[in-house]
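Worksheet: the structure to be examined is printed underneath.
The values are calculated or read from the model by the stated rules, or taken from the named source; none is laboratory data. Remember, it's a predicted structure, so these values are computed and weren't measured experimentally. Here the Cβ positions follow ideal geometry from the backbone for every residue, glycine too, while neighbour counts run over all protein chains shown.
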């Protein structure tokens, strides 16, 4: 989903871009990374083991992709004099805060997925001070599956759906993340960590109602529930709102409010439900 929009944005801007699918490069193969990355100036790593619940019972496999793979790409990019942009996640935080997590906030992942992504961040920044870690969260897009598309489909099929109302985050369009990555690279910002999420905050319940309304359905068919009533194998952060101070300090404008960005992108997302 994000990789699709990343390539599309680059092509639209007339950039010389190569999109590599998983079968074209095994990121867990260090030698292959060195060979394939030769000749590139910037590498954006959208590859990840994102099956959050499965990672609880397959942490070694998730670590191979999210940590070892990230390390291989970071070292290979550095060896070729290229910058790596490592896409990361809100899951590196514990989710117990009450104010937005800034880029330099202490990480304390509570899930296997979060631990593997945190290890990947460390490896990337250790490989080169020029590399970038870009954390994002609650992604949706027109390519691939996403929460709002699924909710709109379920609401249409069943006439009712319950969604948790006690997890807070920032619904974020993959197109906006791709644009922000390009702006960071073009601005030649110093290496470090940045947050690529929409501004504002919402619960999954809030977002679900917006998605259902955009699909032309009555948002009242969405009712609130709690995380305790919807237990998953991997714990979810209760609060994963991310702050954007490091963007502002670098002179890069953060993504706008999530409702405004959904108004721009949402119709295309639910239209493919």
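Out of the residues in the range 254-272 that are in contact with a helix residue (DSSP H, G or I) (Cβ under 7 Å, 6 or more places away or on another chain) and not in a helix (DSSP H, G or I), which is nearest to residue 216 (Cα to Cα)? Only one residue tops the list, namely 272.
Each row is one residue, and each column tells you yes or no for (1) touching a strand residue (DSSP E or B) at 6+ places or on another chain (Cβ under 6 Å); (2) part of a helix (DSSP H, G or I); (3) at pLDDT below 95; (4) under 24 Å from residue 233 (Cα atoms).
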position	(1), (2), (3), (4)
81	no, no, no, no
91	no, yes, no, yes
107	no, no, no, yes
120	no, yes, no, yes
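Quick check on residue 134: is it surrounded by 18 or more Cβ atoms within 10 Å (Cβ to Cβ), in a strand (DSSP E or B) and touching a residue at least 12 places away in the same chain (Cβ under 8 Å)? It is true that residue 134 is surrounded by 18 or more Cβ atoms within 10 Å (Cβ to Cβ), in a strand (DSSP E or B) and touching a residue at least 12 places away in the same chain (Cβ under 8 Å). Residue count for the range 185-201 under the criterion of being in contact with a strand residue (DSSP E or B) (Cβ under 8 Å, 6 or more places away or on another chain) and assigned to a helix (DSSP H, G or I): the result is 1.
Every test in (1) part of a helix (DSSP H, G or I); (2) touching a residue at least 24 places away in the same chain (Cβ under 8 Å) is passed by residue 248 save one, and that test is (2).
When residue 44 is tested against (1) touching a helix residue (DSSP H, G or I) at 6+ places or on another chain (Cβ under 7 Å); (2) surrounded by fewer than 19 Cβ atoms within 10 Å (Cβ to Cβ); (3) in contact (Cβ under 8 Å) with a residue 12 or more places away in the chain, just one condition goes unmet, and that condition is (2). Among the residues making up the range 1-34, none is in contact with a strand residue (DSSP E or B) (Cβ under 7 Å, 6 or more places away or on another chain) and surrounded by fewer than 17 Cβ atoms within 10 Å (Cβ to Cβ). Among the residues that make up the range 155-163, is at least one of them touching a residue at least 12 places away in the same chain (Cβ under 8 Å), surrounded by 18 or more Cβ atoms within 10 Å (Cβ to Cβ), under 26 Å from residue 109 (Cα atoms) and more than 20 Å from the chain's Cα centre (by Cα)? Yes, the range 155-163 contains at least one residue that is touching a residue at least 12 places away in the same chain (Cβ under 8 Å), surrounded by 18 or more Cβ atoms within 10 Å (Cβ to Cβ), under 26 Å from residue 109 (Cα atoms) and more than 20 Å from the chain's Cα centre (by Cα). Looking only at residues of the range 196-216 that are over 22 Å from the mean Cα position of the chain (by Cα) and touching a residue at least 60 places away in the same chain (Cβ under 8 Å), we find that the one that is surrounded by the most Cβ atoms within 10 Å (Cβ to Cβ) is 212. Screening residue 219 on (1) surrounded by fewer than 19 Cβ atoms within 10 Å (Cβ to Cβ); (2) touching a helix residue (DSSP H, G or I) at 6+ places or on another chain (Cβ under 8 Å); (3) farther than 23 Å from residue 261 by Cα shows it passes everything except condition (3). Could you go through the range 169-184 and let me know if any residue there is outside any helix (DSSP H, G or I), touching a residue at least 12 places away in the same chain (Cβ under 8 Å) and over 15 Å from residue 149 (Cα atoms). Checked the range 169-184: at least one residue is outside any helix (DSSP H, G or I), touching a residue at least 12 places away in the same chain (Cβ under 8 Å) and over 15 Å from residue 149 (Cα atoms). Going by what's in this entry, would residue 77 be described as touching a strand residue (DSSP E or B) at 6+ places or on another chain (Cβ under 9 Å), modelled with pLDDT of 95 or more and not in a loop (DSSP other than H, G, I, E, B)? Against the criterion (touching a strand residue (DSSP E or B) at 6+ places or on another chain (Cβ under 9 Å), modelled with pLDDT of 95 or more and not in a loop (DSSP other than H, G, I, E, B)), residue 77 qualifies. Take the range 51-70 and flag every residue that is surrounded by 16 or more Cβ atoms within 10 Å (Cβ to Cβ) and under 18 Å from the mean Cα position of the chain (by Cα). Within the range 51-70, 52, 54, 55, 62, 63, 65, 66, 67, 69, 70 meet the criteria. For the range 110-125, state whether one or more residues are without any contact (Cβ under 8 Å) to a residue 60 or more places away in the chain, out of contact with any helix residue (DSSP H, G or I) (no Cβ under 6 Å at 6 or more places or on another chain), crowded, with 19+ Cβ neighbours inside 10 Å and farther than 25 Å from residue 49 by Cβ. Scanning the range 110-125 turns up no residue that is without any contact (Cβ under 8 Å) to a residue 60 or more places away in the chain, out of contact with any helix residue (DSSP H, G or I) (no Cβ under 6 Å at 6 or more places or on another chain), crowded, with 19+ Cβ neighbours inside 10 Å and farther than 25 Å from residue 49 by Cβ.
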